[in-house]
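What follows is one structure encoded as structure tokens, with my remarks underneath.
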Amino acid sequence: MNVLNSSTAPNAGEYAGDEVSAIVLDPGYSTTRAGFAGEDVPKSVCPSFYGQVDSQYLFGENAIHQPLGNIQIKNPWGSDGIVEDWDTATKIWEFAITSRLTGAKATDPTKNGLNDGTANGDGGETMDVDMEGLENNEKPLEDSPLLMTEPGWNSTKAREKYIEVAMEDWGTPAFYVQKTGVLAAFASGKASGIIIDVGASMTTVTPVVDGMVLRKGVQRSPLAGNFVSNQIRLLFKQSQPEIPLMPHYLVTSKTQVDAGSPAQATYRKFDIPPTDGFRRFEEERVLTEFKESVVEVWSGQGGRFNNGTNEEIAKSQPGRPFEMPDGWNQVFGAERYRAAEGLFDASAAITDADNPRPKDEHTIPKLVQAAVQAVDADIRPMLLGSIVVTGGSTLLYKFNERLNNEINLLYPSTRNKLIAPGPVVERKYAAWIGGSILASLGSFHQMWVSKKEYDEHGPSIVEKRCR
């Protein structure tokens with residue numbers, strides 16, 4: 001065997017580490033994350049929502065928040081966490097990759113700035129261009145293998161669509177798809193455990209053993225970040241007097257007012273006002289700010305929040321102030337605990353005619369219980385010893401404390417251990433980080449599905465190779 005030193009290059013077969021700049025794509029309901037394997041954080045994080053004005057599509061953070069007349073805000077994902085509108089989803093994913101990672105598609109060489117006029121300068125014949133060469137140049141991932149993430153319950157049809165888009169539309173030389181639960185476990189340095197992922201549209205609990213998802217144990221529920229936002233909306237609506245929810249784009253200037261006093265602001269006027277859907281989308285940004293700065297999860301000490309005495313204790317705690325974009329402000333006391341309580345206790349959820357009480361089996365403690373019940377009894381203690389917490393909505397203040405208390409109530413005799421990364425980035429992008437680690441391993445190279453294999457076997461190869 002050759003002894004490597006700094007002056008000799010390794011042989012082709014000896015090292016397969018950095019020369020492949022694989023791209024990791026982690027699409028979700030709220031944002032789509034993309035970046036190069038081996039890096040710590042995704043370079044590109046763009047909204048999965050898109051704007052549509054007549055037949056024009058708008059992608060990216062800056063474009064979708066412009067209050068244009070008749071702008072419709074849409075999302076290609078279904079409420080079950082599976083893509084519904086494939087054409088637009090692939091455009092969003094391609095935007096996430098090309099806007100920050102690979103650059104846009106090649107343009108017509110006759111329009112590249114050097115050949116602005118015609119070939120002989122004064123209206124002669126236009127320059128001949130090798131359009132076939134241009135065609136081959138147009139695919140955004142020609143030099144980069146692609147690792148994509150998928151939910152634990154993804155359908156065979158959706159997985160085949162992933163590889164089809166990557167190979168045929170984007171021209172990637174190699175492809176792999178892995179489940180988000182497994183990747184979140186890898187990001188925390190675990191091959192086995194229970195992964196609790198609370199995202200925007202879904203909460204999922206996934207048992208993983210030796211890097212394999214136990215599909216029979218995968219549990220999911222709609223009680224997640226969007227549910228908490230909706231609870232805040234109901235809290236504002238049912239307050240006496242009702243709390244006004246005013247999005248940023250409507251306010252041009254504001255004057256400072258005392259807490260609880262009506263706002264004194266100047267509002268924007270529009271010739272063609274944006275749609276109700278756009279307004280609701282912009283209100284979500286305010287609800288997200290409220291969620292991040294005010295909402296608190298009751299820690300679970302002394303039982304559930306709504307057992308009477310705990311509400312009294314909460315009232316004695318110092319409140320938290322919040323100011324709306326138009327200057328209206330208030331200090332929120334015990335009510336700030338109510339918004340997230342429905343995640344753990346269905347009977348405590350805020351309801352009205354359009355928003356019925358959630359099902360008990362959809363709460364996080366019940367999901368964990370159902371997932372543990374579905375696996376063999378002898379591996380339960382091992383799984384409960386590695387409970388990985390991930391997803392942006394788990395960053396709610398005191399969420400982990402409450403989750404820990406709930407799990408210890410359910411399983412008092414086992415050694416339960418919660419693994420929740422401290423840095424915000426690691427918690428929000430755990431699946432992407434796991435994918436970045438996996439795709440940069442030299443030993444992972446044999447796992448890729450090559451273009452040649454895809455051409456031989458078609459999209460169905462993804463089921464055989466990506467387990």
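The residue that is surrounded by the most Cβ atoms within 10 Å (Cβ to Cβ), among those in the range 337-371 that are β-branched (Val, Ile, Thr) and more than 25 Å from the chain's Cα centre (by Cα), is Ile350.
Collect the residues in the range 439-450 that are open to solvent by less than 20 Å² (accessible area, probe 1.4 Å), touching a helix residue (DSSP H, G or I) at 6+ places or on another chain (Cβ under 8 Å) and not β-branched (Val, Ile, Thr), keeping them in residue-number order. Walk me through it before giving the result.
Within the range 439-450, the subset open to solvent by less than 20 Å² (accessible area, probe 1.4 Å) is 439, 444, 449.
Now narrow it down to the ones that are touching a helix residue (DSSP H, G or I) at 6+ places or on another chain (Cβ under 8 Å): 444, 449.
Within the range 439-450, Phe444 is the sole residue that qualifies.
The set of residues in the range 290-323 being in contact (Cβ under 8 Å) with a residue 12 or more places away in the chain and assigned to a helix (DSSP H, G or I) consists of Phe290, Lys291, Glu292, Ser293, Asn310, Glu311, Ala314, Lys315. Give the residues of the range 243-265 that are surrounded by 12 or more Cβ atoms within 10 Å (Cβ to Cβ), out of contact with any helix residue (DSSP H, G or I) (no Cβ under 9 Å at 6 or more places or on another chain) and of a type in the set (Val, Ile, Thr), sorted by residue number. Listed by number, the residues that qualify are Val251, Val257. Only one of the listed residues (Ala340, Ala377) is farther than 27 Å from Glu242 by Cα and among the small types (Gly, Ala, Ser). That residue is Ala377. In the range 266-279, of all residues being of a type outside the set (S, T, N, Q) and free of Cβ contacts under 8 Å to residues at least 24 places away in the same chain, the one that is most open to solvent (accessible area, probe 1.4 Å) corresponds to Lys269.
Counted as qualifying within the range 32-85 are the strands (runs of 3 or more DSSP E) with 1 or more residues that are in contact (Cβ under 8 Å) with a residue 12 or more places away in the chain, open to solvent by less than 60 Å² (accessible area, probe 1.4 Å) and within 17 Å of Gly199 (Cβ to Cβ), namely 44-47. Tallying residues that are out of contact with any strand residue (DSSP E or B) (no Cβ under 6 Å at 6 or more places or on another chain), in contact (Cβ under 8 Å) with a residue 40 or more places away in the chain and closer than 30 Å to Asp378 by Cα within the range 414-432 yields 1. Selection of helices (runs of 4 or more DSSP H) fully inside the range 95-201 by the criterion of at least 1 residues being surrounded by 12 or more Cβ atoms within 10 Å (Cβ to Cβ) and at pLDDT 95 or above returns 156-164, 180-187. If you scan the range 451-467, which residues turn out to be surrounded by fewer than 20 Cβ atoms within 10 Å (Cβ to Cβ) and in a helix (DSSP H, G or I)? Once the filter is applied, which keeps residues that are surrounded by fewer than 20 Cβ atoms within 10 Å (Cβ to Cβ) and in a helix (DSSP H, G or I), the range 451-467 yields Lys451, Lys452, Glu453, Asp455, Glu456, His457, Ile461, Glu463, Lys464, Arg465.
The values are calculated or read from the model by the stated rules, or taken from the named source; none is laboratory data. Remember, predicted model here, so these are calculated numbers, not experimental data. So basically every Cβ, Gly included, is an ideal-geometry build from the backbone, and we count neighbours across all protein chains shown. For accessibility, only protein heavy atoms count, side chains too; no ligands or nucleic acids. Shrake-Rupley method; radii C 1.70, N 1.55, O 1.52, S 1.80 Å.
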